[in-house]
Amino acid sequence: MLPIVNAGRDTGYHAPMSGEMIGDVEALAARVPDGAKVALVKTTGGVPMTLVRALIRCGVRGLHLVCVPTGGLAVDLLIGAGCVETLETSAVTLDEFGQAPAFGRAVRAGSLRLLDATCPAVYAGLQAGEKGLPFMPLRGLLGSDVAGNRADWEVIDNPFGDNDPIVCLPAIVPDFSLVHARTADRHGNLYIGDTREVLLMAHAARATLATAETIVDENLLDDDAMRPGVIPNVYVSAIAEAEGGARPLGLPGGYEVDGEHLALYANMARDETGFSEYLDEFVLDRKAAAE
Amino acid sequence: MNATQSVPGPESNLVPGTKEGWRLEELLIDRIAGLLEGSRHVAAGVSSPIPGSAALLARHLSGGVMRVSVLGSRNLQSFTDGGVEIFDLAAQGRIDAFFLSGGQIDGAGNINLVGIGDYPRQKVRWSGSFGSAYLYYLVPRVILFRLEHTRRTMVEQVDFISGPGSSPDNVYRQGGPYALITDRCLFAFDRDKQRFRLDSLHPGHTLEEVQENTGFEFDVAQGGSSPLPTTPGPDASRLALIRGEIAAAIADPYPKFATEVLGLEGNLT
């Protein structure tokens, strides 16, 4: 699906010098195939909610969702809509609006493959991914049921120490990091400010699909003040404009979370009927979703 | 569950019979600040207004020497490397104190933030472990904080260990539980015995009541017939400090808490 322009081995990483402009968020969402491993940032990091709603409308199935390092509304919606097969996360929560209802139902029904983690383990796995390393060691974890339930984690003896067990976490390499940026430019660069976990996600993933509040003509890398907060286009496959693309969640440097809407969701999603009604009203109805 | 506690509305928790009329939250802020004394750097997690306020009070009492990082705040932390930075700092030994909570906490100091029942298909599922499976090992003074002290929360054995209270000798472990403070009392954690010791009862609470509401066995400070100390509440000047300077500072991440609980008045923006 992704064009590979690589004289060497095909590692699945997307072509350099891309950052293709796509006119439509639906077309961006359609690039995510069933079964893809997809990374989403935590609720406060600028979640691409418009893109997530489009994904649900596409009817994507079997996703391996990596929460960086936790999830909220977007993750609960994707789970409730039946898009997720595997959930890798340190937590899912609606924060002050309570527990994530669709997540809780899916756990009770046993319909999710759960990879419970801890926040720094998700970061460390992505760091291994961005370095092209097979694994990253991490302190803590030993003797916890978090580690005890992760068959994919291995305990080794520190090769530089003496009787010093340490947990090794395999690299997390998402097929796609889904990102919402404050600003994109025509060259495919994305300004994400100091939410550096989003930069990490882009580094680690084979491809990044992005929405942006606005797309500007000038090159973001020309501004020394912005440059450290830019995801350069080498990582970015495609971009679509989506004003308010993180709503009803907030966007750092942009807008605040819409607490009334979160309360409405928490209330409606308490049972499956209400969740379906929420989907009908705010996700599946394209006109309503675009408002 | 990540030290997230719902805060009761105004008028609740006024301690009867005290002329100052301080609230439970204010006693906790004052007492937790005492537990933080001597720390160089205290971090408080998201959704933790009481620990955050306590850290700011401790900083004030240190004459500004103590560094405080309140996660989720714009002005009360100076991280520039994203979410990973707090964990990197902890691993380097740059964080001396942190706060954790648990849907369940047991007598060995194990905490459970994941759920009740057999994992993974649990009948009650909470958010998840957040950073606990890591920070519990690396931060020297972890203060466990839970505003519901019942047999539902203080259990004999947790259903899922997000973080263990202690580890075998060969496990790299610089930190762990230091104290457990609830709405009823204050426990210290004895790392040698790997169990809690009841150190003081909050005003109006009794040993019998704590025993009734605790699912695990614990030691009691001062054996014999001498009475257990009462957790001291804040004096008038401390209370004024909490309701003034501390309330104004904690309003950055927690405006609702600052106004509704600590009575901060005026325009917060």
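The values are calculated or read from the model by the stated rules, or taken from the named source; none is laboratory data. Just so it is clear, the structure is predicted and the values come from calculations on it, not from any experiment. For neighbour counting, all protein chains shown are included, and Cβ atoms are generated from backbone atoms with ideal geometry for every residue, glycine included.
Annotations
- All conditions but one from (1) more than 13 Å from every other protein chain (Cβ to nearest Cβ); (2) in contact with a strand residue (DSSP E or B) (Cβ under 7 Å, 6 or more places away or on another chain); (3) in a loop (DSSP other than H, G, I, E, B); (4) over 27 Å from A:Phe97 (Cα atoms) apply to B:Tyr178; the one that does not is (3).
- Filtered by the rule that a residue be within 30 Å of B:Ala249 (Cα to Cα), in a loop (DSSP other than H, G, I, E, B) and away from every other protein chain (no Cβ under 11 Å), the stretch B:94-125 gives B:Arg94, B:Ile95, B:Asp96, B:Ser101, B:Gly102.
- Residue within the stretch A:180-203 that is in contact with an Asp or Glu (Cβ under 6 Å, 6 or more places away or on another chain) and not in a helix (DSSP H, G or I) present: yes
- The numbered conditions (1) within 10 Å of chain B (Cβ to nearest Cβ); (2) surrounded by fewer than 19 Cβ atoms within 10 Å (Cβ to Cβ); (3) farther than 30 Å from B:Ser73 by Cβ; (4) touching a residue at least 12 places away in the same chain (Cβ under 8 Å) are all true for A:Leu114 except (2).
- The listed residue being touching a Lys or Arg at 6+ places or on another chain (Cβ under 9 Å) and within 24 Å of B:Gly128 (Cβ to Cβ), out of A:Ala171, A:Ala151, A:Ala124, A:Ala147: A:Ala171
- When B:Glu148, B:Glu212 are screened for being under 15 Å from the mean Cα position of the chain (by Cα), more than 14 Å from chain A (Cβ to nearest Cβ) and either over 29 Å from A:Val107 (Cα atoms) or in contact (Cβ under 8 Å) with a residue 12 or more places away in the chain (or both), only B:Glu148 passes.
- Residues of the stretch A:168-195 that turn out to be of a type in the set (A, V, I, L, M, F, W, C) and under 23 Å from A:Pro33 (Cα atoms), as a count: 7
- Scanning the stretch B:236-269 for residues that are part of a loop (DSSP other than H, G, I, E, B) and surrounded by 12 or more Cβ atoms within 10 Å (Cβ to Cβ) turns up B:Ala251, B:Asp252, B:Pro253, B:Tyr254, B:Val261, B:Leu262, B:Gly263, B:Leu264, B:Leu268.
- Residue in the stretch A:121-138 that is assigned to a loop (DSSP other than H, G, I, E, B), crowded, with 24+ Cβ neighbours inside 10 Å, at pLDDT 95 or above and within 8 Å of another protein chain (Cβ to nearest Cβ) present: no
- Residue within the stretch A:67-74 that is assigned to a helix (DSSP H, G or I), under 17 Å from the mean Cα position of the chain (by Cα), more than 14 Å from chain B (Cβ to nearest Cβ) and closer than 26 Å to B:Ala133 by Cα present: yes
- Close Cβ contacts (under 7 Å, 6 or more residues apart or on different chains) running from residues in the stretch A:80-97 that are at the interface with chain B (Cβ under 7 Å from one of its Cβ atoms) to residues that are aromatic (Phe, Trp, Tyr) and crowded, with 22+ Cβ neighbours inside 10 Å comprise A:Ser90/B:Phe130; A:Ala91/B:Phe130; A:Val92/A:Phe103.
- Residue in the stretch A:154-170 that is surrounded by the most Cβ atoms within 10 Å (Cβ to Cβ), counting only those that are in a strand (DSSP E or B) and within 11 Å of another protein chain (Cβ to nearest Cβ): A:Val167
- Only a single item in (1) more than 12 Å from chain A (Cβ to nearest Cβ); (2) among the charged types (D, E, K, R); (3) not in a strand (DSSP E or B) is not met by B:Arg197, and it is number (3).
- So B:Phe130, is it facing another protein chain (nearest Cβ under 8 Å) and either in contact (Cβ under 8 Å) with a residue 24 or more places away in the chain or buried (at least 20 other Cβ atoms within 10 Å of the Cβ) (or both): yes
- When the stretch B:151-175 is limited to residues that are in a strand (DSSP E or B) and farther than 19 Å from B:Ser48 by Cβ, the one that is farthest from the other protein chains (Cβ to nearest Cβ) turns out to be B:Met154.
- Candidate set from the stretch B:70-107 (those that are polar (S, T, N, Q) and touching a Leu at 6+ places or on another chain (Cβ under 7 Å)); member that is surrounded by the fewest Cβ atoms within 10 Å (Cβ to Cβ): B:Gln77
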